[in-house]
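Accompanying notes for the structure given below.
The values are calculated or read from the model by the stated rules, or taken from the named source; none is laboratory data. Only a predicted model underlies this, so the values are computations on that prediction, with no experimental measurement involved. Quick reminder, even Gly has a Cβ in these numbers, built from the backbone with ideal geometry, and neighbours come from all protein chains shown. Only protein heavy atoms, including side chains, enter the accessible area calculation; ligands, DNA and RNA are left aside. Shrake-Rupley method; radii C 1.70, N 1.55, O 1.52, S 1.80 Å.
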Amino acid sequence: MTTGHRITIERGTEHVRVVRDGQVLAESSRPLLLRETGLPVRYYLPPEDVRTDLLTPSDTHTYCPFKGTASYWSLPEAADLVWYYPDPKPDVAEIKDHLCFYEVETVSE
């Protein structure tokens, strides 16, 4: 990792829900919380907790020098809404194939 840049990953206990236009796209009680210097906490959700049947793969790919190459999923009205790392760098291997949404809500139970 570059000096001053840090990524930590921990297993969360929050109940995370992703809703768009009234439809639940994901719901999980086992998110991975990724904290990265200068960025908000991101919730990476196991694929079995995401309605991948509602999403279509995107041709978009982006590269992060710390995490690797990300691939994306889209909704018809929301391009590149979700990203994941099919082959992340070794330092963040835990997030492999977990899906991350730009906006999530945590639900207190």
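Couple of notes before you dig in:
- Using θ = phi - 60° and Karplus 6.51 cos²θ - 1.76 cosθ + 1.60, couplings along the range 8-23 (whole Hz; Gly, Pro as x): 10, 10, 9, 6, x, 10, 5, 8, 10, 10, 10, 10, 9, 6, x, 9
- Peptide packing for 51-61, 67-77 was compared via the average number of neighbouring C-beta atoms within 10 Å per residue; ordered from the highest value, the list is 67-77, 51-61.
- Under the simplified labelling scheme, the Glu10-Thr60 pair shows an inter-label distance of 3.0 nm, with each label point 7 Å from Cα along Cα→Cβ.
- For the chain, accessible area per residue (1.4 Å probe, heavy atoms of protein chains only), Å²: 58
- Gain on full extension, evaluated as 0.36 nm per residue between Asp87 and Ser29 minus their Cα-Cα distance, stands at 18.5 nm.
- Averaging 1/r over each pair of different alpha-carbon atoms in the chain and inverting the result gives 14.3 Å, the Kirkwood hydrodynamic radius.
- When the solvent-accessible area of the chain is split by element, carbon and sulfur atoms take up 48 percent of it, the probe being 1.4 Å.
- When peptides 9-16, 27-34 are ranked by their average number of other Cβ atoms within 10 Å per residue, the highest-first order is 27-34, 9-16.
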